[in-house]
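The block underneath contains the structure these notes are about, expressed in structure tokens.
The values are calculated or read from the model by the stated rules, or taken from the named source; none is laboratory data. Predicted, not measured: the structure shown is a model, and the values here were computed from it. Glycine also receives a Cβ, built like all others from the backbone with ideal geometry; neighbour counts cover every protein chain displayed.
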Amino acid sequence: MDPAYPGSLLSIDPLVAVGVAARMAAAVAVGGLPVFQRLDLRVRGAAALALAAVAAPAAVSAADGLPLLPLVVGEAIVGLGLGLAAAIVFAAAAWAGGILGTVSGLNWADDFGSDTPVGEGGAARLAAWLAVAGFLAAGGHLAIIAGLVDSVQRLPVGIVAAGGGRAGLLDLVATMPQAALGLALSLAGPALAAVVAFHVAAAICLRAVRFAPGPGMLQAAASLVLLAAVLAGAGSWTAGFAAAVQQPLERCLGDLRP
């Protein structure tokens, strides 16, 4: 039966279907952590099942003779690798916002809100959501879905449990943090320069006029400078991020081979 038809779901090997479901569940669980932390488990479960239902008919099997438990563990490892690579790329925007929040002095907000992560002051969340908005507007989520679905052909189900494909996964997980860090620094660079210039100018002015600012005044002014810099460069945080993240995501989801 043609895999393009939904009826082909009935002819899938149950072992392969379980492996695909384990891979997609692990990828969804890890891949959405940086920006979709508050999604309900039912939403994540539904997304994983939908991806598994679409991917299973096209899955290539390397699970002949493999026990169920090693197969599920191996596919969970593959899903974790794919999801972690995507999550690290998405975390780049939050890292950039965290750098800006720390340099601008927004970590003083932790004194008033114990639930806010240290050094963030909301800047990381703002940067992450701006980046996600641009990514979704550019249709990047469709590329991620296509990459996850196609992974069951590029990396056959059960290949890790059979002893293959591990070098590709290790290389993927090892190289993605470097790419994400470079992306974070490139995003934060312009706004970081504006904040540093403000601090230098403020220090010179305070030396010249011998003015003692009140508690939080410099941090508040720096936060306004940071907000103005982010708004002025909103294109780089939205469309720019979507364009910059395309190649790393294609590498982690499209170039993976056994």
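Structure summary
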item: Criterion (crowded, with 23+ Cβ neighbours inside 10 Å, modelled with pLDDT of 80 or more and under 21 Å from LEU181 (Cα atoms)) met by exactly one of ALA123, ALA131, ALA127; result: ALA131
item: Lone qualifier among VAL195, VAL152, VAL200 - being out of contact with any Ser or Thr (no Cβ under 8 Å at 6 or more places or on another chain), buried (at least 19 other Cβ atoms within 10 Å of the Cβ) and part of a helix (DSSP H, G or I); result: VAL152
item: Hey, ALA76 at pLDDT 75 or above, among the small types (Gly, Ala, Ser), under 18 Å from MET24 (Cβ atoms) and out of contact with any strand residue (DSSP E or B) (no Cβ under 9 Å at 6 or more places or on another chain) or not; result: yes
